[in-house]
Amino acid sequence: MKTDTMIDANSGCGRSGLSRKNFLKLSATAALGAVTLPQIAGCGPVNTGADCMKSLAPAGGAAAKKPFEETSIGAIRLRNRIIRSAVTMNGVDSAGRPKDSLMQHYRDLAQGGAGAIITGMRDGGMMIDNFLFREENFKDFKKVPDIAHKLGTPIIQQLSHHGRQLSMETERKGFINRLSDADIEGIIDLFVRGIDASKRLGFDAAQLHGAHGYLLSDFLSPAKNERTDKWGGALENRFRIVREIITRAEKKAKGFPLWIKMNAYDNQDGGMRTAEAVKIAKMLEDMGIAAIEVSCGIAADGFSTVRVPEIPSEAIIRFSKYDELPAPLKKVLTLTTPLVARRFEPIENYNVCAAREISANVKAPIIVTGGIRKIDDIETILASGAADYVSMGRPFIIEPDIVNRLKKEEHAKSECINCGYCIMAANKTDVKCFYGKL
C-alpha cells in the first residue's frame, strides 16, 4: 500500500464545530451563543485535492484508460467512463412512481452522454425505510429502466436506508445500536426484496448505499457501530449485514450484479479511515461485488461529502422547518450559520487519492466521486489508474448533457459552482440547480 498519502486524522478532526443537522436543532438564541465555535476547513485523513492530483503519474501507452472509450463492468456495457452518481431528485409520487419530471431528467441524462446512470435513493420506491414498491405498480416503475435502455444507457438502482439520519431523534440516539436481531433480519429482507425487484424491473444492477452515514455506513463505521453482539465490534461483525444482504440476494436474484457506494474515510473521532476501507473493499471483492464507488463523509461531519466554497445559509433556512420562523429570527440564523457549520476543503477531487489506495489493493472496478469537475482532471485520474471510472452528481443537475460537452470542448469543465443549494432543496422539494440564488 502507498502509505505516503496517509496522515493521522484523529488529531483535531473530531466533533468540534456543529454539523448541519445539529445546527438546525438550535434556536436563534442558541445560535448566537455558539458563535465562538471554530469553523473547520480541511482536516481530512488522506492527501486530497491539488496535492493529490500533482502526485498522479499517467500509466501511459495502450494501458492508460481514457474518458470516452467504450468499456464494460461485467456484462454491463458503458459507452464511456463518466457515470452519473446517485442524486435524489425527489421526482416520484406518494407511491414511489416516477413523475414526468423525473422521466424527462433520465431522458436528458441518457441523451446527454452519461456512461451509466445511478438513480437517487429516493427516486425508485426502493428506500428501505419507506419501501414503496408494489407489484401492482410494476409497469410504472419499469418506465425508468426502459427509457434509459431505449437511449442506450445502462441504469443502476440505488438502495438505501436512512438509519440514524432518518430524523434528529435517531441521529441523537444512534439508530443501529437499538435494533433487535429481528429488526436487522427485516432490514436485510427488504434490501433483498429491493434487489430482486430491481432485477425484474430490468435495471442493469443495484447499488447498495454504504456511505454518507446511512444505515449500512453506520454498521461499517467503528465510530458509529457501538454494538457488542455479532453485528458489532470487529470488522467482520460490522461487515456482517452487508455480507448477509449480498449472500441472500445471490440466492434470490441469481447472477444480478451488485455495486456498492462506500466511504473511504470520514471526519469522526475513531471513524472510517482508508486503511480499513481497503480491508472492506477486499471483503467485498471476495464476495463478487461488481463495482465499488468511493466517497467520503457523514452528515455529522458537516459539508464533507458535499463540499461548498461557503455555507449555503439561505438555502439551509429556506428548505427546513426554520423557514416558518419570523423574518428577524431567520435573519439571525442566516448570519450565524457560517460561524457554526462545518465546511471542508479542498472543493475538488477530494477522494481521488483515497480511491487510489483502494484501487491498488483490489481488482474490482473502482469508481471515484467527489468534486470532479474538469475533463483535464478526469483524464489524469483515469490515465494514472487512480480509478477505473469517475462519477459526478451536481454537475449533472445543472448540465444533464455535460458528458457530451466534455467530449467536444478542450479543457472543458462543469458549470456547477458548488453552491450546495440543490442538495438543501432535496430536504423539501424537487431538486434543480439554483446557481447560488433563491
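The values are calculated or read from the model by the stated rules, or taken from the named source; none is laboratory data. These numbers were taken from a predicted model, which means no experiment stands behind them. When we count neighbours, we look across all protein chains shown, and the Cβ atoms used for this are built from the backbone with ideal geometry, even at glycine.
Taking segment 151-160 only, how many residues are without any contact (Cβ under 8 Å) to a residue 60 or more places away in the chain and surrounded by fewer than 20 Cβ atoms within 10 Å (Cβ to Cβ)?
1
Taking the options PHE191, PHE138, name whichever one is aromatic (Phe, Trp, Tyr), surrounded by 15 or more Cβ atoms within 10 Å (Cβ to Cβ) and more than 23 Å from TYR389 (Cα to Cα).
PHE191
If you check every pair at least six apart or on different chains, which have Cβ atoms under 8 Å apart with a residue in segment 227-244 that is closer than 14 Å to GLY210 by Cα first and a residue that is assigned to a loop (DSSP other than H, G, I, E, B) and not hydroxyl-bearing (Ser, Thr, Tyr) second?
Short answer, once both residue conditions are applied: ARG238/PRO222; ARG238/ASN225; ARG238/TRP231; ARG238/GLY232; ARG240/LYS230; ARG240/TRP231; ILE241/TRP231; ARG243/MET287.
Going by the conditions given, is PHE303 modelled with pLDDT under 95, out of contact with any His (no Cβ under 7 Å at 6 or more places or on another chain) and among the aromatic types (Phe, Trp, Tyr)? Break it down into steps so the answer makes sense when it comes.
On the way: modelled with pLDDT under 95: yes; out of contact with any His (no Cβ under 7 Å at 6 or more places or on another chain): yes; among the aromatic types (Phe, Trp, Tyr): yes.
Taking the combined requirement at face value, the residue satisfies it.
Of the residues ALA148, ALA95, only one is in contact with a helix residue (DSSP H, G or I) (Cβ under 8 Å, 6 or more places away or on another chain), surrounded by fewer than 20 Cβ atoms within 10 Å (Cβ to Cβ) and in contact (Cβ under 8 Å) with a residue 40 or more places away in the chain; which?
When all the criteria are applied, what remains is ALA95.
If you take the residues in segment 418-430 that are touching a Lys or Arg at 6+ places or on another chain (Cβ under 9 Å) and surrounded by fewer than 16 Cβ atoms within 10 Å (Cβ to Cβ), which one is nearest to GLU70 (Cα to Cα)?
ASP430
Kindly indicate whether GLY393 is on the phi > 0 side of the Ramachandran plot and in contact (Cβ under 8 Å) with a residue 24 or more places away in the chain.
No.
Could we say that GLN165 is in contact with a Lys or Arg (Cβ under 8 Å, 6 or more places away or on another chain), of a type in the set (S, T, N, Q) and crowded, with 20+ Cβ neighbours inside 10 Å here?
yes
Within segment 122-161, work out how many residues are closer than 12 Å to ALA95 by Cα and among the hydrophobic types (A, V, I, L, M, F, W, C).
So the first thing to find is which residues in segment 122-161 are closer than 12 Å to ALA95 by Cα, and the list is 122-127, 130-138, 140-141.
So of that shortlist, the ones also among the hydrophobic types (A, V, I, L, M, F, W, C) come out as 126-127, 131-133, 138, 141.
Total satisfying the criteria: 7.
Given the conditions (1) out of contact with any Asp or Glu (no Cβ under 7 Å at 6 or more places or on another chain); (2) at pLDDT 95 or above, and given that LYS261 satisfies all but one, which numbered condition is not satisfied?
Exception for LYS261: condition (1).
Only one of these is part of a helix (DSSP H, G or I) and of a type in the set (A, V, I, L, M): ALA57, ALA110. Name it.
Of ALA57, ALA110, the one residue that is part of a helix (DSSP H, G or I) and of a type in the set (A, V, I, L, M) is ALA110.
Residue by residue, here is whether (1) under 25 Å from ILE73 (Cα atoms); (2) among the small types (Gly, Ala, Ser); (3) within 21 Å of the chain's Cα centre (by Cα) holds:
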position: PHE141; (1), (2), (3): yes, no, no
position: MET168; (1), (2), (3): no, no, yes
position: ASP181; (1), (2), (3): no, no, no
position: GLY186; (1), (2), (3): no, yes, no
position: LYS199; (1), (2), (3): yes, no, no
position: GLN207; (1), (2), (3): yes, no, yes
position: GLY210; (1), (2), (3): yes, yes, yes
position: PHE239; (1), (2), (3): yes, no, yes
position: ARG243; (1), (2), (3): yes, no, yes
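Just give me the residues in segment 125-137 being touching a Phe, Trp or Tyr at 6+ places or on another chain (Cβ under 7 Å) and either under 25 Å from ILE378 (Cα atoms) or free of Cβ contacts under 8 Å to residues at least 60 places away in the same chain (or both), in sequence order.
Let us first name the residues in segment 125-137 that are touching a Phe, Trp or Tyr at 6+ places or on another chain (Cβ under 7 Å), namely 125-126, 128, 133.
The one that is touching a Phe, Trp or Tyr at 6+ places or on another chain (Cβ under 7 Å) and either under 25 Å from ILE378 (Cα atoms) or free of Cβ contacts under 8 Å to residues at least 60 places away in the same chain (or both): GLY125.
From the list GLU276, GLU244, pick out the single residue that is acidic (Asp, Glu), touching a Pro at 6+ places or on another chain (Cβ under 8 Å) and buried (at least 17 other Cβ atoms within 10 Å of the Cβ). Walk me through it before giving the result.
Details: GLU244 fails: touching a Pro at 6+ places or on another chain (Cβ under 8 Å).
Answer to the selection: GLU276.
Here is a yes/no grid of residues against (1) among the small types (Gly, Ala, Ser); (2) in a helix (DSSP H, G or I):
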{"residue": "LEU159", "(1), (2)": "no, no"}
{"residue": "ARG164", "(1), (2)": "no, yes"}
{"residue": "VAL192", "(1), (2)": "no, yes"}
{"residue": "SER198", "(1), (2)": "yes, yes"}
{"residue": "LEU216", "(1), (2)": "no, yes"}
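Tell me, which helices (runs of 4 or more DSSP H) wholly within segment 335-438 include 1 or more residues that are under 17 Å from MET89 (Cα atoms) and at pLDDT below 95?
421-425
Residue pairs, Cβ under 7 Å, 6 or more apart or interchain, first in segment 317-335 and polar (S, T, N, Q), second in a loop (DSSP other than H, G, I, E, B). List them.
Note: pairs meeting the criteria are SER320/LEU24; SER320/ASN427.
Of everything in segment 359-369, what is in contact with a strand residue (DSSP E or B) (Cβ under 6 Å, 6 or more places away or on another chain) and either of a type in the set (D, E, K, R) or touching a residue at least 60 places away in the same chain (Cβ under 8 Å) (or both)? Give them in sequence order.
Residues of segment 359-369 in contact with a strand residue (DSSP E or B) (Cβ under 6 Å, 6 or more places away or on another chain): 359, 364-369.
ALA364, PRO365, ILE366, ILE367, VAL368, THR369 - these are the residues of segment 359-369 that are in contact with a strand residue (DSSP E or B) (Cβ under 6 Å, 6 or more places away or on another chain) and either of a type in the set (D, E, K, R) or touching a residue at least 60 places away in the same chain (Cβ under 8 Å) (or both).
Any idea how many residues of segment 300-334 are out of contact with any Ser or Thr (no Cβ under 7 Å at 6 or more places or on another chain), part of a helix (DSSP H, G or I), of a type in the set (A, V, I, L, M, F, W, C) and under 17 Å from CYS422 (Cβ atoms)?
The total comes to 1.
Report, by residue number, each residue of segment 227-252 that is part of a helix (DSSP H, G or I) and aliphatic (A, V, I, L, M). Reasoning before the result, please.
Kept after step one, since they are part of a helix (DSSP H, G or I), are these residues of segment 227-252: 235-238, 240-252.
Answer for segment 227-252, where residues must be part of a helix (DSSP H, G or I) and aliphatic (A, V, I, L, M): LEU235, ILE241, VAL242, ILE245, ILE246, ALA249.
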